[in-house]
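J.: Can you keep this structure in mind? I'll have questions shortly.
The values are calculated or read from the model by the stated rules, or taken from the named source; none is laboratory data. As the structure is a prediction and not an experimental result, all values here were calculated from the model. Please note: Cβ atoms are built from the backbone with ideal geometry, for glycine as well, and neighbour counts cover all protein chains shown. These accessible areas exclude ligands, DNA and RNA; they are computed on the full protein's heavy atoms, side chains included. Shrake-Rupley method; radii C 1.70, N 1.55, O 1.52, S 1.80 Å.
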Amino acid sequence: MLTTFNEFLTNALGPFGPLIAVGGLGLVMVLLTIPMFLQRRPDPLDKLKASNAKPTADKTKPERLRQPQGKDKLEKYANFLEPQNAEEFSSVRLKLIQAGYRSRNAVRLYHFSQMALGLGLLVAGIAYTLVKQHSGATVGTQGMILQILLPGTVGYMLPKYWVTRRQGERQQQITNGFPDSLDMMLVCVEAGQSLDQSIIRVARELRSGCPALAEEFEMVSYEMKAGKDKSNVLRDMAERCGVQDVTSFVTVLIQSQQFGTSIAEALRVYAGEMRDKRVMRAEEKANTLPTKMTLATMMLTVPPLLIILIGPSVYNIAVTLGGSNL
């Protein structure tokens, strides 16, 4: 069926008929998608806020999730590049924060990079297909579609893959350095420092070994100095890290503060649990090594062993058969 369709397009539009059809289909899909992104459904809460707003307010302008800032070339495309749903916007922003991207324009740049790479590689795929056909090479319909759409798909998914990888690496770094930070915090608290002072000292000591965790502790100290509630500050830290160990630690500190128990005792118990948990993680990885090495061992050991054991016999059989034929 594809061959018949390819012959029909070639007869109707010339030798570049399939390419023109694929390019036209992609252009139509892009033109149909842009209005869907630009159009936003009215939210009931927005209508309620607009009805309760002051009469002097300009109700013709849509409500923005964030206030515009200084000089930003992508500001006029914010409605297209940023999700207009508050939950989706918060989800993407949280993922970028967990990956280490904290700028105000991170969400906008993230979606812009997806669109730019997707369209750029799509155009590159079209150009490559045109050059290949111009050189006289025969390209089938399936190959043409893959050469055009595959680069665009890869370009669109590449920023998402990069952010997910950065998020995993940062969370792994926080997980590895968190037990040591608890030990240092316990030493500072037992030496007579308050929790705020111990967080500042731990952040300074962890700057070279675990910069991601040190950055989180520094942000906690700055927010506490600014007068923000300590419980909310700790919960925000757990949300930014996205690590279960940090979330449990924050829960322990909040409960210790609410019930009036000793913070030093809570830190001592939880630090011991984190050390045991780190040892268990190391043992788990060590126990999985034999399974992972089985395939490599079979591929690198069994073929040479078979050559050594069976090779002489095969050679003697070949020599004997060759002599009998003579």
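J.: Could you check Leu130 against (1) under 22 Å from the mean Cα position of the chain (by Cα); (2) open to solvent by 20 Å² or more (accessible area, probe 1.4 Å) and say which number it fails?
T.: The one condition Leu130 does not meet is (1).
J.: Please work out if Ala282 is free of Cβ contacts under 8 Å to residues at least 60 places away in the same chain, crowded, with 19+ Cβ neighbours inside 10 Å and either on the phi > 0 side of the Ramachandran plot or assigned to a helix (DSSP H, G or I) (or both).
T.: No.
J.: Scanning for something charged (D, E, K, R) and touching a Pro at 6+ places or on another chain (Cβ under 8 Å), does the range 266-277 turn up at least one residue?
T.: yes
J.: Could you please find all residues in the range 196-252 being among the acidic types (Asp, Glu) and under 24 Å from the mean Cα position of the chain (by Cα)?
T.: Across the range 196-252, the qualifying residues are Glu215, Glu216, Glu218, Asp236, Glu239, Asp245.
J.: Starting from the range 113-140, take each residue that is touching a residue at least 12 places away in the same chain (Cβ under 8 Å) and list its partners that are outside any helix (DSSP H, G or I) and aliphatic (A, V, I, L, M), counting only C-beta distances under 8 angstrom and pairs at least six apart or across chains.
T.: Thr129/Val139; Lys132/Val139; Gln133/Val139
J.: What pairs come up if the first residue lies in the range 240-251 and is assigned to a helix (DSSP H, G or I), the second is among the aromatic types (Phe, Trp, Tyr), and their beta carbons are under 8 Å apart, counting only those six or more places apart or on different chains?
T.: Hits for this filter: Asp245/Phe178; Val246/Phe178; Ser248/Tyr270; Phe249/Phe178; Phe249/Tyr270.
J.: Within 21 Å of Asp183 (Cβ to Cβ), open to solvent by 100 Å² or more (accessible area, probe 1.4 Å) and modelled with pLDDT of 85 or more - does that describe any residue in the range 240-250?
T.: yes
J.: Now a separate question. Can we say Gly209 is within 21 Å of Tyr101 (Cα to Cα) and not in a helix (DSSP H, G or I)?
T.: yes
J.: Kindly list the number of the only condition in (1) open to solvent by 40 Å² or more (accessible area, probe 1.4 Å); (2) over 27 Å from Val92 (Cβ atoms) that fails for Glu215.
T.: (2)
J.: I'd like the residue in the range 97-127 that is charged (D, E, K, R) and open to solvent by 50 Å² or more (accessible area, probe 1.4 Å) and, out of all such residues, is farthest from Ala21 (Cα to Cα).
T.: Among them, the one singled out is Arg102.
J.: Out of the residues in the range 177-202 that are closer than 20 Å to Arg240 by Cβ and touching a residue at least 40 places away in the same chain (Cβ under 8 Å), state the one that is most open to solvent (accessible area, probe 1.4 Å).
T.: Only one residue tops the list, namely Leu195.
J.: For the range 157-205, which positions are farther than 25 Å from Asp229 by Cβ and not in a helix (DSSP H, G or I)?
T.: Listed by number, the list holds a single entry, Ala191.
J.: Consider Ile254 carefully, then state whether it is closer than 19 Å to Gln193 by Cα, of a type in the set (A, V, I, L, M, F, W, C) and in a helix (DSSP H, G or I).
T.: It is true that Ile254 is closer than 19 Å to Gln193 by Cα, of a type in the set (A, V, I, L, M, F, W, C) and in a helix (DSSP H, G or I).
J.: Looking at the range 284-302, is at least one residue under 30 Å from Asp196 (Cα atoms) and hydroxyl-bearing (Ser, Thr, Tyr)?
T.: no
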